[in-house]
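The values are calculated or read from the model by the stated rules, or taken from the named source; none is laboratory data. Please read all numbers here as calculations on a predicted model, not as lab measurements. All Cβ positions, even for glycine, are placed from backbone atoms using ideal geometry, and neighbour counts span all protein chains on display.
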Amino acid sequence: MQDNCSFYIQPSDISADERLFYCSLGSGNCNITPDGKFQLCNMLVAPEMMFDLRQGSLRQAWEEFAPAIRNLPLEASAQDLTCRYCRLINLCMWCPATAYLETGDFNGVVDYYCRMATLRAKALQKATPDSNE
């Protein structure tokens, strides 16, 4: 583990992605809620990010709706991208879906994620023999 610690504390490469969702959102699986809503991720609960299967088919959801959601552009000013550019993003597990759950904003900053990421970074640095701290 010590050899790989530096991977987790570095600038993220997701900042170059121009899409809102930089993960593999809906690439190989999906969720269907008990009330018939198609979701690309169980954390993605924003009403506009769910497809009502009572109003359309699963094929339509997978072949039309899913690609449209996966390719939504990132629309935010630089100050809204604090988490996306953070060097500790790999330690806090922040993503637009969880940011929305916590703040109601896909680019929202979740304060306790920051605190957890900082503590994880300190723990990893202590675990690394050549750490400066």
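Being exposed (fewer than 14 other Cβ atoms within 10 Å of the Cβ), out of contact with any helix residue (DSSP H, G or I) (no Cβ under 8 Å at 6 or more places or on another chain), over 30 Å from Ala127 (Cβ atoms) and modelled with pLDDT under 80 is true for just one of Ser77, Ser6. Which residue is that?
Numbers: Ser6 fails: over 30 Å from Ala127 (Cβ atoms).
It is Ser77.
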Quiz prompt | Test result for Ala127, of a type outside the set (Val, Ile, Thr) and modelled with pLDDT under 90 | solution = yes
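Does Asp52 qualify as being of a type in the set (Asp, Glu), modelled with pLDDT of 90 or more and more than 17 Å from the chain's Cα centre (by Cα)? Full working, then the answer.
Working: of a type in the set (Asp, Glu): yes; modelled with pLDDT of 90 or more: yes; more than 17 Å from the chain's Cα centre (by Cα): yes.
Spelling it out, Asp52 is indeed of a type in the set (Asp, Glu), modelled with pLDDT of 90 or more and more than 17 Å from the chain's Cα centre (by Cα).
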Practice problem: Could you please let me know if Asp111 is without any contact (Cβ under 8 Å) to a residue 12 or more places away in the chain and out of contact with any His (no Cβ under 9 Å at 6 or more places or on another chain)? | Solution: yes
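Do we have Gln60 as modelled with pLDDT of 90 or more, among the polar types (S, T, N, Q) and part of a loop (DSSP other than H, G, I, E, B) here? Can you show your working first?
Details: modelled with pLDDT of 90 or more: yes; among the polar types (S, T, N, Q): yes; part of a loop (DSSP other than H, G, I, E, B): no.
Considered against the rule, which asks whether it is modelled with pLDDT of 90 or more, among the polar types (S, T, N, Q) and part of a loop (DSSP other than H, G, I, E, B), Gln60 comes out as no.
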Quiz item: Any residue at all in segment 56-68 that is surrounded by 14 or more Cβ atoms within 10 Å (Cβ to Cβ), farther than 18 Å from Leu25 by Cα and not acidic (Asp, Glu)?
Solution: no
